[in-house]
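*Asks:* Structure provided below as structure tokens; questions to follow.
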Amino acid sequence: MAGWVLKRNAARVVVLNPRREVFLIRCIDPADPSKTPWWEIPGGGIDPGETSQHAVLRELREEAGIDEATIGPVVWTQHVEFDFGGFHFDQDEVIHVAWTEQEHVGTPGGLESLEALAFQGARWWPAEEVSNSHEPFLPPDLPRLLPPLVDGHLPDRPIDINPDVGPEVRSEESGS
């Protein structure tokens with residue numbers, strides 16, 4: 001475990017395009033080359049005085065080069081603790097859904113130093129490809145959680161997707 005703890009609130013976003021694809025970023029842990037690379041949804045810390053909607057718009061510009069998106073509601077929440085870049089993160093996350101017509105993704109323009117070291121590329125993934133993939137994703141349940149969003153079925157209230165919450169609890173919360 002890293003010696004320095006960064007406790008923060010964070011916002012992430014499942015951004016979808018008209019082709020039913022989700023934008024994912026491939027990352028590594030620059031401080032731990034033994035970790036397997038993974039694919040994650042864009043997001044990061046919420047700055048002081050910033051709303052989660054503004055944070056995800058900023059993160060989309062910084063991490064994905066996406067300048068225009070319609071930010072929808074918070075669909076998932078989670079509390080996660082993880083080691084990354086030599087730091088221990090303890091964060092409460094809200095995860096929005098968003099839609100963009102922007103097919104071409106620009107070059108990330110605002111990556112912080114640690115993010116730039118971790119960035120290994122990014123691309124649009126068809127939802128079916130995510131569901132059938134054996135790649136590691138963050139959030140880990142993305143292959144299971146993504147199809148309802150792609151189909152336009154948003155939860156009535158945010159679903160707690162904490163890794164330590166059992167699937168039976170998640171099913172009850174989602175009404176399925």
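*Asks:* Against the condition open to solvent by 50 Å² or more (accessible area, probe 1.4 Å), at pLDDT below 90 and either closer than 28 Å to LYS7 by Cα or touching a helix residue (DSSP H, G or I) at 6+ places or on another chain (Cβ under 9 Å) (or both), how does GLY65 come out, does it pass? If you could, list the steps in order and put the result at the bottom.
*Replies:* Numbers: open to solvent by 50 Å² or more (accessible area, probe 1.4 Å): no; at pLDDT below 90: yes; either closer than 28 Å to LYS7 by Cα or touching a helix residue (DSSP H, G or I) at 6+ places or on another chain (Cβ under 9 Å) (or both): yes.
Judged against the criteria, GLY65 is not a match.
*Asks:* Taking ALA98 as the residue in question, decide whether it is touching a residue at least 40 places away in the same chain (Cβ under 8 Å) and within 26 Å of ARG157 (Cα to Cα). Give the steps one after another, and end with the answer.
*Replies:* Details: touching a residue at least 40 places away in the same chain (Cβ under 8 Å): yes; within 26 Å of ARG157 (Cα to Cα): yes.
The answer is yes for ALA98.
*Asks:* For SER133, which of the numbered conditions (1) hydroxyl-bearing (Ser, Thr, Tyr); (2) at pLDDT below 95; (3) farther than 21 Å from GLY65 by Cα fails to hold?
*Replies:* (2)
*Asks:* Taking the condition of being within 16 Å of the chain's Cα centre (by Cα), touching a residue at least 60 places away in the same chain (Cβ under 8 Å) and assigned to a loop (DSSP other than H, G, I, E, B), how many residues in region 136-164 meet it?
*Replies:* Of the residues in that region, 6 qualify.
*Asks:* Also, quick follow-up: For the list (1) surrounded by 14 or more Cβ atoms within 10 Å (Cβ to Cβ); (2) among the β-branched types (Val, Ile, Thr); (3) farther than 28 Å from PRO147 by Cβ, I need the number of the one condition that VAL5 fails.
*Replies:* Just one mismatch for VAL5, condition (1).
*Asks:* So which strands (runs of 3 or more DSSP E) are wholly in region 1-109 and hold at least 3 residues that are closer than 19 Å to TRP125 by Cα? Outline the logic, then answer.
*Replies:* Details: elements: 4-16, 21-27, 38-40, 43-45, 70-84, 87-99.
Strands (runs of 3 or more DSSP E) meeting the threshold: 4-16, 21-27, 38-40, 87-99.
The values are calculated or read from the model by the stated rules, or taken from the named source; none is laboratory data. Just so we're clear, the structure is a prediction, and the values are computed from it rather than from any experiment. No Cβ is skipped: glycine too gets one built from the backbone with ideal geometry, and neighbour counts run over all protein chains shown. Each accessible area value is taken on the protein alone, full model and side chains, heavy atoms only, with ligands, DNA and RNA left out. Shrake-Rupley method; radii C 1.70, N 1.55, O 1.52, S 1.80 Å.
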